[in-house]
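Student: Below you'll find the structure I mean.
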Amino acid sequence: MKLPDALTSLADVLDPATAMRRLVVPMSGNASSEAVAAVHSLILPPALEAMAWLYIDDLERAHDLCQAIDDATGAAIHAIVHRREGDFWNSRYWWQRVGGHPALSGQDPVELTKVVEAGDVSEATIERQRAEWSALAAFCAA
């Protein structure tokens, strides 16, 4: 998983090779205090900050931020948060609001949501989730 330059310091607290390996996590209580402190130390625009919270599996903080981002990027982050918490219906609702996102060209996030909902925890599915995150994080950083 590739981290945008603005988020490279997060690799010190959570190796990109191990980040976002779980497809579904509880809404809160997943991030280490060290990882939370690392994100708090960054000065980021809201969408990129939400992506940082997703990277360390702090869905609640990512959700709080993406709710206030009223565009396709905010809706995409919102969809990912709900998929990762296991609220698949809500995730599909937010993907419908996104329509198509330029960062996710060639990817099918609705189909990924269906695969995760079906319980596929294969390495290929994990890599799809990480590729989706990387593409959207790069877009937010640009």
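Student: Quick one: in the stretch 34-89, which of the residues that are in contact with a helix residue (DSSP H, G or I) (Cβ under 8 Å, 6 or more places away or on another chain) and loosely packed, with under 15 Cβ neighbours inside 10 Å is nearest to Ala118 (Cα to Cα)?
Tutor: Ranking the qualifying residues of the stretch 34-89, first place goes to Gln67.
Student: Go through (1) without any contact (Cβ under 8 Å) to a residue 60 or more places away in the chain; (2) touching a Cys at 6+ places or on another chain (Cβ under 9 Å) for Pro45 and report which single condition fails.
Tutor: The failed condition is (1).
Student: Under 6 Å between Cβ atoms, at least 6 apart or on separate chains: pull out the pairs that start in the stretch 115-126 with a residue that is within 9 Å of Leu23 (Cα to Cα) and end on any residue that is of a type in the set (Val, Ile, Thr).
Tutor: Thr125/Val115
Taken together, the values in this text are just the output of simple stated rules run on the coordinates, not laboratory data. Predicted model only: the values in this text are computed from it and were never measured. FYI the Cβ positions are ideal-geometry reconstructions off the backbone, even for glycines, and counts take in every protein chain you see.
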